[in-house]
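A.B. asks: This is the structure I have questions about; it appears just below.
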Amino acid sequence: MTPQSKTAIATNEAPAAIGPYSQAIRVGDMLFASGQVGLDPATGQMVPGGIVEQTTRVFENIKAVLAKAGIDMVHVVKTTVYLKSMSDFAAMNEVYAKYLAPTGVIPPARSTVAVVGLPKDALVEIEVIAKEA
């Protein structure tokens, strides 16, 4: 792979990277998006509330990154969900379904894992891989 074969995707509509990584990288017709947590891009602070509010913010951040790349949620083919507590799975899953599995849409493949901790003490982090049509 040459440096010219990958392109960084960045938008102010999602939180800026808090480390040495890109919000997303495009390689050919594939987009690899870094994990998003429930940070409000306007304030840089975690959204108030619990798992539902954080998961909703995560997906709004993901939507913004995808939009900057010229695609949307129907292009997502794989997700990885990191949960601070598996007891939040059902509530996260309800929000997840609204964004990635509405009626008539084939949901992406998914892995879900419980982790000891997440950046900014988030309850959930989600990363996606998308493919352009």
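The values are calculated or read from the model by the stated rules, or taken from the named source; none is laboratory data. None of these values were measured; they are calculated from a predicted model. Reconstructed Cβ throughout: ideal geometry from the backbone, glycine too, with neighbour counts over all protein chains shown.
A.B. asks: On the basis of being in contact (Cβ under 8 Å) with a residue 12 or more places away in the chain, buried (at least 16 other Cβ atoms within 10 Å of the Cβ) and in contact with a His (Cβ under 7 Å, 6 or more places away or on another chain), does Ala130 make the cut?
C.D. replies: yes
A.B. asks: Check Ser87, Ser111 and return the single one that is free of Cβ contacts under 8 Å to residues at least 24 places away in the same chain, farther than 16 Å from Glu60 by Cα and loosely packed, with under 15 Cβ neighbours inside 10 Å.
C.D. replies: Of the residues listed, the single one that is free of Cβ contacts under 8 Å to residues at least 24 places away in the same chain, farther than 16 Å from Glu60 by Cα and loosely packed, with under 15 Cβ neighbours inside 10 Å is Ser87.
A.B. asks: Considering Val105, Val116, which residue is farther than 22 Å from Ala16 by Cβ, at pLDDT below 95 and surrounded by fewer than 16 Cβ atoms within 10 Å (Cβ to Cβ)?
C.D. replies: Val105
A.B. asks: If you don't mind, another one. Please pick out the residue among Met86, Met30, Met73 that is in contact with a Leu (Cβ under 7 Å, 6 or more places away or on another chain) and hydrophobic (A, V, I, L, M, F, W, C).
C.D. replies: Within the list Met86, Met30, Met73, the selection yields Met73.
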